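> Got a structure here, written out as C-alpha cells. Questions coming.
The values are calculated or read from the model by the stated rules, or taken from the named source; none is laboratory data. Just so it is clear, the model here is predicted, and its values are computed rather than measured. Reconstructed Cβ throughout: ideal geometry from the backbone, glycine too, with neighbour counts over all protein chains shown. For the accessible areas, the whole protein counts, side chains as well, though only heavy atoms, and no ligand, DNA or RNA atoms are used. Shrake-Rupley method; radii C 1.70, N 1.55, O 1.52, S 1.80 Å.
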Number of protein chains: 2
Amino acid sequence: MALILCDVGPRDGLQNEAVAFPPVVRAELCRRLAGAGLPRVEAVSFVREDRVPQMAGAEEVAAALPDGAARFSGLALNERGYDRLVAAALPEVHVAFAATESFQQRNAGSSVEDGLAMANAIVARARADGIEAIVTLSVAFGCPFEGRVDPERVVELAAQVDADEVVLADTIGVATPRQVRGLVELVAGLGKRTGAHLHNTRNTGYANAVAALEGGAAVLDASVGGLGGCPFAPRATGNIATEDLVYLLEGEGIPTGVDLDALIATSEWMAGRLGRPLEGLLYRAGRFPSS
Amino acid sequence: MALILCDVGPRDGLQNEAVAFPPVVRAELCRRLAGAGLPRVEAVSFVREDRVPQMAGAEEVAAALPDGAARFSGLALNERGYDRLVAAALPEVHVAFAATESFQQRNAGSSVEDGLAMANAIVARARADGIEAIVTLSVAFGCPFEGRVDPERVVELAAQVDADEVVLADTIGVATPRQVRGLVELVAGLGKRTGAHLHNTRNTGYANAVAALEGGAAVLDASVGGLGGCPFAPRATGNIATEDLVYLLEGEGIPTGVDLDALIATSEWMAGRLGRPLEGLLYRAGRFPSS
C-alpha cells in the first residue's frame, strides 16, 4: 500500500497564521501544491467566518480549484459545514473531534460523545453522497488540559468511528516515537486506514512520522513549509513541513510522487507572502545532493 | 550499555556563532551543562585564535571548569593542539578528520590519509598519557563537494582508527534514518564504541538519532539549544538540541540522567546572551506534561 501525503497547509496551516489571506491566494497555494504532485490537499474549512477570518470565502477557494489528480478536501465540524462542502462540490470531507473531554469542551463546546456522534452523522451523509469522509481524532497523544492520553481510550473512540479512515492527531506536538508507533499499530489493527497528523512543536515530528510508518500508517498529514502553529502554545511551531518530510521519505526509499523542487519553490513563495521565514528547514538549506 | 550524551555546545556550537564570547561565559556554559547532569561536555578547541576567535582563551576556559561527574574535553587537530590540551589537564581529547578528500583538503589542508595518521598519532599519545581519545569522522554521510559518501569507505577508515570510540558526523545535516542506522551498525560491528554527531539542517536530525540508537550507537552528540550552524550552509541550523533530544529519549524510555528543566534554563540563558531565539524548540514550547 503506497503512502499517501495530505498537505494541510491551506487549512490547518493558514488557519493558525496571524495574516488572513484572501481566497485567491489560498486557491493559488492549493494549485501549487496540486502541481507539485500532492495527492491530497486540505483546501478549506467550512466554519463561521466571524470566528475564523483566515478561512473566510471557502466557497471562492473551492470554486477556483483546478481539475487534476489531486483530491481537495474541506473541514466540516457540523452539518451546516457539511452542507456548504456539498454545495461547493468538494470530493472529500474532514471531520474532527477530540479524544479528551476538556479539549472537546473548550474547542467545540460539546462532549466527546457528541463530537463522535456528529462525526458519524457526517460520515453517514458523505457515504450516501459519494463523498470520502476522514475523521481526525484531535489530541490523540496528549492534551494541554489532561496531559498524556490513554491509548486505550483513543482506540475505543476510533473503533466507534464509522469512517474507513481515521487520522490520529498530535495537535499540540507532544508525542514521541514509541507512543506514535504503538497507537498507530492499535488503530490500524482495527482494520481502518490509519493516518498521522504530526506537529513538530518539540522537534519530535519527523521521528514520529517514521514511527507512524513503522506502525502501519497509510496516510501522513504535513503542511508546506511547516505553515501554521498551535493556538495552545503561542511560541510553538506547527505541522511537520511537507518538503522536509518528502526529503526524509526519499532517503528511506519510500516513494511519494511529489516534486521536491516544486514544493521548495512553494515554500519560498509562501515565505514571501507571509514576510517571514517558515519553520521548514529544507527550503532554506537546499536539497542534497542538489537537483 | 547506557547511552552517553555529549554536549558539544561550548565548542561545536559556539564556534559557529557570529558572536565570540569571552572564556568566562563559555566556562559558565560548561558549568551549567555539567550541573544539568551531562556526562560529557566538549568545552574547548585548541586551535589558532587568529583563525577561530570564538575559541580564543581555551586554557582560561579549562582552568575555570568545575570538578564533578562531567568529563570535559577539547578538540585538537594536530599535536600542538594536543600539547595544549595536556597542559590544560583535560581528561578527554576529540580529534576529527573528514571521510572525503575534498572536505579534508578544504577544511584542514591535508589528505584523508594524513588526517587519519594525525588522528592516530594523537590517539597513541593520549593512550600513553591516560587521556580518553575519541575520533570523529566528518562528513561521514554526505559531503558538500562530493555528495553522498560511500558507507564502505567510511567503514574502511573507521577500521583504521586506533581509538576505542569513533563518532560518525553528519556535518552538513543531510543524512536520513536508514543511512544512519546502516552506517552505525557497520561501524559498531567493528567492535568500536560508536557515536553519532547529527545536525538538524534538514529536519532529519532527531529521526536520525533514533535510527542511530537502533543501529547500536552508544554515544550521541548534541548541543544545548541547538547552538551552532554550518559554515557550508549559511541559512542552515546546527546540531540537534540536547534538551529536545532528551525529551524524545525520555519518551522512548531511555534514561539519560539529565535534568531537563536545568537544560531548558540553560538554553533560555544562552538565548539571552546571544540576543536571538535558538533553534531548539522545547525550551520555547515547554516540556510535557509540565514539570
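> Nearest 20 debye, what's the magnitude of the dipole of the range B:4-285 about its Cα centre given +1 on Lys and Arg Cβ and -1 on Asp and Glu Cβ?
Value, rounded to 20: 460 debye.
> Further, regarding this structure: Cα gyration tensor of the range B:99-218, axes a ≥ b ≥ c as square roots of the eigenvalues: rounded (a/c below 1.5), prolate (a/b > b/c) or oblate?
Oblate, because a/c is 1.5 or more while a/b does not exceed b/c.
> If you plug each phi of the range A:164-169 into the Karplus form 6.51 cos²θ - 1.76 cosθ + 1.60 with θ = phi - 60°, what whole-Hz ³J(HN,Hα) values come out, in order, with x for Gly and Pro?
6, 10, 10, 10, 9, 9
> Here's something else I'd like to know. Taking 30 Å as R0, compute the FRET efficiency from the Cβ-Cβ separation of A:Ala128 and A:Arg106 and round it to 0.05.
Computed FRET efficiency for A:Ala128 and A:Arg106 comes out at 0.40.
> Given a 1.4 angstrom probe, I'd like the percentage of the accessible area of chain B that is carbon and sulfur, rounded to a whole number.
The nonpolar share, carbon plus sulfur, comes to 49 percent.
> Take every DSSP beta bridge with both residues inside chain B and express the antiparallel ones as a percent of the total, to the nearest 5.
10 percent
> While we're on this one: If you take the Cα atoms of the range A:4-285, find Rg, then find the Kirkwood Rh from the mean of 1/r over all pairs, what is Rg/Rh?
Radius of gyration over Kirkwood radius for the range A:4-285 works out to 0.93.
> Let me ask something else. Taking the simple approach of a point 7 Å from Cα along Cα-to-Cβ for both A:Ala89 and A:Ala121, what is their distance in nm?
Inter-label distance under the simple model: 2.8 nm.
> Once you've got the GNM for chain A with C-alpha springs shorter than 10 Å, pick whichever of A:Ser110, A:Ser223, A:Ser267 has the biggest mean-square fluctuation.
Fluctuation is largest for A:Ser110.
> Something else: Can you run phi through the Karplus equation (6.51, -1.76, 1.60; θ = phi - 60°) for the range A:37-51 and list ³J(HN,Hα) in whole Hz, with x for Gly and Pro?
These are the phi-based 3J(HN,Hα) values: x, 5, x, 9, 9, 7, 8, 8, 10, 9, 10, 5, 5, 6, 8 Hz.
> To continue, here is another question. For A:Leu75, what residues show an amide H to amide H distance below 5 Å, using hydrogens built from the backbone and excluding near sequence neighbours?
Amide H to amide H, under 5 Å and 5 or more residues apart or across chains, A:Leu75 pairs with A:Val44, A:Ser45, A:Phe46, A:His94.
> Sort shortest first the distances from B:Gly253 to its counterpart in every other copy, using label points 7 Å along the Cα-to-beta-carbon line, and give them in nm.
Inter-copy label distances (nm, one decimal, shortest first): 2.8.
> Which whole-number percent gives the relative contact order of chain A, counting Cα pairs below 8 Å spaced six or more residues apart?
18 percent
> Mean Kyte-Doolittle of at least 1.6 plus a Cα span of 30 Å or more along the axis: flag which DSSP H helices in chain A meet both, please.
none
> Let me ask you something else. Keeping all protein chains in the complex and leaving out DNA, RNA and ligands, what accessible area do you get for B:His94 with a 1.4 Å probe, in Å² to the nearest 10?
10 Å²
> If you don't mind, there's one more thing I want to ask. I'm a student and want to see the number: the projected area of the Cα convex hull of the protein assembly as shown, averaged over all directions, in nm².
Spelled out: convex hull of the Cα atoms, projected over all directions, averaged, 24.4 nm².
> Return the long-range amide H neighbours of A:Val167 (sequence gap of 5 or more, or a different chain), with a cut-off of under 5 Å between placed amide H atoms.
Those lying under 5 Å, H to H, from A:Val167 are A:Val135, A:Thr136, A:Leu137, A:Gly195.
> Right, something else. Hey, in the GNM for chain A with a 10 angstrom Cα cutoff, which one of A:Ala62, A:Ala241, A:Ala89 fluctuates hardest?
A:Ala89
> Would you work out which of A:Ala63, A:Val210, A:His199 lies farthest towards the positive end of the dipole of the range A:4-285, given +1 charges on the beta-carbon of Lys and Arg and -1 on that of Asp and Glu, about the Cα centre?
Positive-end residue among those listed: A:His199.
> Averaged over peptide A:172-182, how many Cβ atoms belonging to another chain are found within 10 Å of each residue's Cβ?
4
> Ok, one more. Quick one: give the max-minus-min coordinate of the C-alpha atoms of the range B:34-124 along each principal axis, largest first, in Å.
Answer, in whole Å and largest first: 40, 26, 23 Å.
> Any chance you could get the radius of gyration and Dmax over the Cα atoms of the range B:1-158, in Å?
Rg and Dmax of the range B:1-158, Cα atoms, are 15.7, 43 Å.
> Report, by chain and number, residues whose modeled amide H sits under 5 Å from the one on B:Ile4, excluding near sequence neighbours (fewer than 5 apart, same chain).
Amide H neighbours of B:Ile4, under 5 Å, 5+ apart: B:Val219, B:Leu220.
> I've got another one for you. Treating only the Cβ of Lys, Arg, Asp and Glu as charged (+1, +1, -1, -1), what charge dipole size does the protein assembly as shown show about its Cα centre? Round to the nearest 20 debye.
Approximately 760 debye in magnitude.
> For the range A:203-275 and the range A:35-77, what is the separation of their Cα centres, given in Å?
18 Å
> Which of B:Val154, B:Val123, B:Val24 ends up with the largest GNM mean-square fluctuation for chain B, with Cα atoms connected below 10 Å?
Most flexible of the set in this elastic network: B:Val24.
> Any chance you could get the radius of gyration and Dmax over the Cα atoms of the range A:155-291, in Å?
15.3, 47
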